[in-house]
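Reading through the structure tokens given below for one structure.
Values quoted throughout were computed directly from the atomic coordinates according to the rules given, and no laboratory measurement underlies them. None of the values given here were measured: they were computed from a predicted structure. Using ideal geometry, Cβ is built from the backbone for each residue, glycine included, and neighbour counts are taken over all protein chains shown.
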Amino acid sequence: MADVAGQVADSTGNWVDRRAPAALRPYLRLARLDRPIGWWLLLLPCWWSTGLATVAEPGAWPNPWHLALFLIGAVVMRGAGCTWNDLVDRDIDGLVERTRSRPIPSGQVTARSAAIFLVAQALVGLLVLLQFNRFAIATGIASLLVVAIYPLMKRITWWPQSVLGLAFSWGALMGWAAAFGRLDPPALLLYLGSIAWVIGYDTIYAHQDREDDALIGVKSTARLFGENTRPMLATCYALAVILIALAGVAAGGGPLFLAGLIAFGAHLTWQVRRLDVADPALCLRLFKSNRDAGLLLFAGLVMEAGARNLGLL
């Protein structure tokens, strides 16, 4: 049975609630290890970038070591980012129905213990980062400023989702930097496209808290767009597809990359058509479905590189 007393309000039951040792559950929840969608969405731009670099380098295959490192890094740094976010937002979280049962505002974890846990996660992330070349290490370290300021943005701008986009899309630079030790136009275009994608899906996510956010004065694109969310979401997603298409073309992508991109765009179109901002449960399902959209694009990049190496293209 789940630990009902400690379970986060919008949890539907998971391995943390059912199987993890009771003493570890608050920390696993703090790192959001009960909610894998977050690290998936942080990981996918890393894998896209690795795939794009493979397309750009004739005869190359996706580096499995890099893919594994990005997976570990995404899980750990997503946990560190959530811990930092919860430390900064602990007073606000206590006022929102969906977040008031999180470990810090509910008293399961003290701020001091959370800070120690944050440092431990960051050190693991640093160990992962040190496996790459110097340029990639510097690029990864540069992301920390964006991660640090993100929790503050909802207090001062209607566009906190754009700052989240800067942070969650950083992997679009990392895969290319790890492969080539530099940044080139394809990686920068992929980064911009990923930012547009993040703004779109996080706007969907933010509609779950729109009413509570209005009561306590927290800003978001969900509140800014309101009933115009569907056309604004379509704009963000269209921009994402266009920019990623340009990135693929600049890297020399061909028909299989295009097939993956079309599948990605079709999935985003489905989200726009299905959206109902008055249905929080649907918003959460659509938000989570972006893992599948991202995997479709990654599959296209991998198939493009593989087909070239096998002489099929």
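Residues of segment 102-138 with backbone nitrogen within less than 20 Å of a virtual label 7 Å along the Cα-to-Cβ line of Ile72, please, listed as ranges.
Zone members listed by number: 117-138.
Would you mind calculating the gained length between Leu123 and Val249 on full extension (0.36 nm times residue separation, minus the Cα-Cα distance), in nm to one decimal?
41.6 nm
Name the long-range amide H neighbours of Ser169: under 5 Å, sequence gap of 5 or more, or other chain; modelled H, no Pro or chain starts.
none
Where does the chain land at 222 nm, in deg cm²/dmol rounded to the nearest 500, when only DSSP H runs of n ≥ 4 count, each adding -39500 (n - 2.57), divided by all residues?
Calculated at 222 nm, the ellipticity per residue is -23000 deg cm²/dmol.
Quote the FRET efficiency, to the nearest 0.05, computed for Leu152 versus Leu282 with a Förster distance R0 of 22 Å and r equal to the Cβ-Cβ distance.
Plugging the Cβ-Cβ distance into 1/(1 + (r/R0)^6) gives 0.15.
So what's the angle, to the nearest 10 degrees on a 0 to 90 scale, between helix 185-206 and the longest Cα principal axis of the chain?
Approximately 30 degrees, to the nearest ten.
So, R0 is 22 Å and r is the distance between the beta-carbons of Asp91 and Ile116; what FRET efficiency does that work out to, to 0.05?
In this case the efficiency is close to 0.60.
If one computes the Cα centroid of segment 46-64 and of segment 281-313, what distance in Å separates the two points?
Cα centroid of segment 46-64 versus Cα centroid of segment 281-313: 14 Å apart.
As an exercise, identify the chymotrypsin sites (Phe, Trp or Tyr not before Pro) in segment 252-300 lying in DSSP coil whose Cβ has no more than 12 other Cβ atoms within 10 Å.
none
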